[in-house]
Amino acid sequence: MAEKPQIQLFIKASEDGESVGYCPFCQRLFMVLLLKGVPFTLTTVDVKRALDVLKDFAPGAQLPVLLYNGEPKTDTIAIEEFLEDQLGPPMCPSLVPQYPESSLAGNDIFHKFSAFIKNPVPAQDDVLQRSLLRALLKLDEYLSSPLEHELARDPHLRASQRRFLDGDHLTLADCNLLPKLNIVQVVCQHYRRFGIPKDLRGVWRYLSSASETKEFKYTCPKSQEIIQAYRSVVRALQ
């Protein structure tokens, strides 16, 4: 039996210097490792005081950083691909979505959110908000449309009841989208008094399902951390 790999994940610490901080890329890899079910060590790094903890193996690197049997990995997408390659079946579950469309669902939301929330020109707010809403509606339509395996079970199914993007199990697609979707809800609600509309039932079912999983719940930064991270880039309401 092969020896278990030595894995250490370094992620951004919160303002208190210890708990999980705001970083959707860090949360993405934290979720992946929890889903893989392998032992690993998590180190939160206070970027204001303790970046020198990386200097011996990843000098100048941006978080997150992975150490795998002593070998540093520093690109989030490359790390995700590496983990999927190294920690696959039968030792660990595959996290690759069954449907390629699941990896694309919601992929424009965070970009449109950033344009809206960082917009310096009040006159453009409505246009940018509508653009974000259209992206959220597109995601809602995907989450509400039955997937092939659901229709195989029930050819007359009109609305999907699946928990996540690709089915009833979290995949790499969810690890990418959920941290960003949580940020969109928290930041828009706090700074623009505009959250994800409640009539987007597919999106809310998705967020509710995620909140019931330890992989999402335990990796989320506190809402106040997210709010603080955006304080300097959001234009104050008139």
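The values are calculated or read from the model by the stated rules, or taken from the named source; none is laboratory data. Remember, it's a predicted structure, so these values are computed and weren't measured experimentally. In this analysis, Cβ positions are derived from the backbone assuming ideal geometry, glycine residues included, and neighbour counts consider all displayed protein chains. Accessible surface is based on the protein model in full, side chains and every heavy atom, while ligands, DNA and RNA are left aside. Shrake-Rupley method; radii C 1.70, N 1.55, O 1.52, S 1.80 Å.
Quick one: dipole size for the chain, taken about the Cα centre, charges +1 on Lys/Arg Cβ and -1 on Asp/Glu Cβ, in debye to the nearest 20. Could the numbers behind the result be given before it?
Working: 28 positive and 29 negative charges, 195 e Å.
Roughly 940 debye for the chain.
Remind me, what semi-axes does the stretch 29-83 give for its equivalent ellipsoid, largest first in whole Å, using sqrt of 5 times each Cα gyration tensor eigenvalue? Intermediate results must be reported in sequence, preceding the final value.
Details: eigenvalues 78, 31, 21 Å².
Gyration-tensor ellipsoid for the stretch 29-83: 20, 12, 10 Å.
If R0 is 45 Å, what FRET efficiency do you get for Trp204 and Gln8 from their C-beta distance, rounded to 0.05?
Working: r = 36 Å, r/R0 = 0.79.
Approximately 0.80, to the nearest 0.05.
Carbon and sulfur atoms: what percent of the 1.4 Å accessible area of the chain do they account for?
Roughly 52 percent of what the probe reaches on the chain is carbon or sulfur.
Treating only the Cα positions of the stretch 94-152 as identical point scatterers, give the base-10 log of I(q)/I(0) from the Debye formula at each q in 0.18, 0.22, 0.23, 0.27 Å⁻¹.
Normalising to I(0) and taking log10 leaves -0.69, -0.86, -0.90, -1.07.
Name the residue farthest towards the positive end of the dipole of the chain from the options Val127, Ser14, Val65, assuming +1 on Cβ of Lys and Arg, -1 on Cβ of Asp and Glu, about the Cα centre.
Val127
Please give me the summed charge of the neighbours of Val234: other residues whose Cβ is under 11 Å from its Cβ, Lys and Arg +1, Asp and Glu -1.
Details: positive: Lys118, Arg192, Arg231, Arg235; negative: none.
My count for the surroundings of Val234 gives +4.
From the residues Leu207, Val187, Asn176, which one has its Cα farthest along the dipole of the stretch 154-216 in the positive direction, the dipole being from +1 and -1 charges on Cβ of Lys/Arg and Asp/Glu about the Cα centre?
Val187
Enter the accessible area of Lys222 (Å², nearest 10), with the probe set to 1.4 Å and all protein chains included.
140
For the stretch 149-225, compute Rg over Rh where Rg is the Cα radius of gyration and Rh is the Kirkwood radius from the inverse mean 1/r over Cα pairs. Mind dumping the intermediate values first?
Details: Rg = 14.1 Å, Rh = 13.8 Å.
Here the Rg-to-Rh quotient is 1.03.
First measure r as the distance between the Cβ atoms of Asp46 and Gln98, then evaluate 1/(1 + (r/R0)^6) with R0 = 30 Å and state the FRET efficiency to the nearest 0.05.
Numbers: r = 39 Å, r/R0 = 1.31.
With a Förster radius of 30 Å, E is 0.15.
Can you tell me which lysines have their Cα less than 18 Å from the Cα of Lys217? Leave out same-chain residues fewer than eight positions away.
Straight-line reach from Lys217, under 18 Å: Lys12, Lys36, Lys180.
Let's see if you can work this out: charge +1 on each Lys and Arg Cβ, -1 on each Asp and Glu Cβ, no other charges. What is the dipole magnitude of the stretch 148-232 about its Cα centre, in debye to the nearest 20?
480
Taking a cut-off of 20 Å between Cα atoms, list the aspartates and glutamates near Lys118, but don't count ones fewer than 8 places away on the same chain.
Asp108, Asp126, Glu225
Using only Cα atoms, what Kirkwood radius does the chain have, in angstroms? Mind showing how you got there, number by number?
On the way: mean 1/r = 0.0522 Å⁻¹.
Result for the chain stands at 19.2 Å.
In the chain, what % of DSSP beta bridges are antiparallel (nearest 5)? Show your work: numbers first, answer last.
On the way: 8 of 13 bridges.
If we restrict to bridges inside the chain, about 60 percent are antiparallel.
How far apart, in nm, are the 7 Å Cα→Cβ label points at Asp126 and Phe82?
Taking the two extended label points, one gets 5.0 nm.
Which far-off residues, 5 or more places away or on another chain, put their amide H under 5 Å from the one on Ser145, with H placed in the peptide plane?
Ser160
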